[in-house]
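Scroll down for the structure; my scribbles are underneath it.
The values are calculated or read from the model by the stated rules, or taken from the named source; none is laboratory data. Quantities reported herein were computed from a predicted structural model and do not represent experimental measurements. Don't worry about glycine lacking a Cβ; one is built from the backbone with ideal geometry, like all the others, and counts go over all protein chains shown.
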């Protein structure tokens, strides 16, 4: 089972991700989400990257190890990156959790996990 893992007590965790509306080079965005050891939203950002591939969106997310990680557990940062794809401005900073990701924060906070996706 895959799920978001909180940091140690008294620490915060930064998850990053990149997204592209289609891999041929369309609106792309990247994001970062900061949460505390209880899963509470501490802050985040979403950035419009422009027209580029999904690979470049990942690169802009500063998360070069994403493909070695359990990406299914990074749903909040992924949702924020999708917000970045649609921003009218270059970057948006969020002190308050955006409504589009509140259900993910709540689910992660209670320890929800899901089966790992394995390609056949």
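Report whether or not residue 114 is surrounded by 12 or more Cβ atoms within 10 Å (Cβ to Cβ) and at pLDDT 85 or above. For residue 114, the condition - surrounded by 12 or more Cβ atoms within 10 Å (Cβ to Cβ) and at pLDDT 85 or above - is not met. Scanning segment 85-120 for residues that are in a helix (DSSP H, G or I) and in contact with a strand residue (DSSP E or B) (Cβ under 6 Å, 6 or more places away or on another chain) turns up 85, 105. Within segment 57-77, identify whether any single residue is touching a strand residue (DSSP E or B) at 6+ places or on another chain (Cβ under 7 Å) and modelled with pLDDT of 85 or more, and answer yes or no. Within segment 57-77, one or more residues are touching a strand residue (DSSP E or B) at 6+ places or on another chain (Cβ under 7 Å) and modelled with pLDDT of 85 or more.
Taking segment 82-120 as the range and being closer than 19 Å to residue 43 by Cα and touching a helix residue (DSSP H, G or I) at 6+ places or on another chain (Cβ under 7 Å) as the test, the residues that pass are 83, 97, 98, 100, 101, 104, 105, 108. Applying the condition of being part of a strand (DSSP E or B) and in contact with a helix residue (DSSP H, G or I) (Cβ under 6 Å, 6 or more places away or on another chain) to segment 1-15 and asking which residue is surrounded by the most Cβ atoms within 10 Å (Cβ to Cβ) yields 15. Could you tell me which residue of segment 21-49 is surrounded by the fewest Cβ atoms within 10 Å (Cβ to Cβ), considering only residues that are at pLDDT below 90, farther than 14 Å from residue 82 by Cβ and in contact with a helix residue (DSSP H, G or I) (Cβ under 9 Å, 6 or more places away or on another chain)? Ranking the qualifying residues of segment 21-49, first place goes to 23.
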